[in-house]
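Asks: Take a look at this one; I'll ask things after.
The values are calculated or read from the model by the stated rules, or taken from the named source; none is laboratory data. All figures in this text were calculated on a predicted structure; none of them were measured in a lab. Note that we place each Cβ from the backbone using ideal geometry, even for glycine, and neighbour counts take in every protein chain shown.
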Amino acid sequence: MDAFAIVSALRQTRVKYIADLGALAKTNPILAITFSITMFSYAGIPPLAGFCSKFYLFFAALGCGAYFLAPVGVVTSVIGRWAAGRLPRISKFGGPKAVLRAPDT
C-alpha cells in the first residue's frame, strides 16, 4: 500500500519515468527516504518487515517438506533485491549519465 501512495505522490510532482527520480533526494527528501525504506523492505533487508516475512516463508516451506520451493524462492528473492535496490540508488544518486550504445558494425 505504501508503494501505491508513493507512486501517486510522485505522479503529482511530474515524475513520469524512472530516470526522473534522479533529483528526488534534492527536491523532496522525505519522500525519497520513505521510498528507499519501502524498496529496501521489498528487497528483504534484515531489520525491515520484508526480511521477516521472507524468513518465515522460507522456513515454513522447509518445514512442510517443499525442499525445491525454498531455493527457488531464494533465487527469486536475490533477483528482486537487485530490482528493488536499483530504484533507491537512482533516486539518491541520479540516473545514468551517458547512454550506452552498441558499436556500429
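Asks: Any idea how many residues of the range 1-53 are part of a helix (DSSP H, G or I), closer than 20 Å to residue 77 by Cα and over 15 Å from the mean Cα position of the chain (by Cα)?
Replies: 2
Asks: Whether any residue in the range 25-36 is aliphatic (A, V, I, L, M), under 30 Å from residue 11 (Cβ atoms) and at pLDDT 85 or above is what I want to check.
Replies: yes
Asks: Which members of the range 64-103 meet the condition of being of a type outside the set (A, V, I, L, M, F, W, C), at pLDDT 85 or above and surrounded by 10 or more Cβ atoms within 10 Å (Cβ to Cβ)?
Replies: Matches in the range 64-103: 71, 73, 76, 77.
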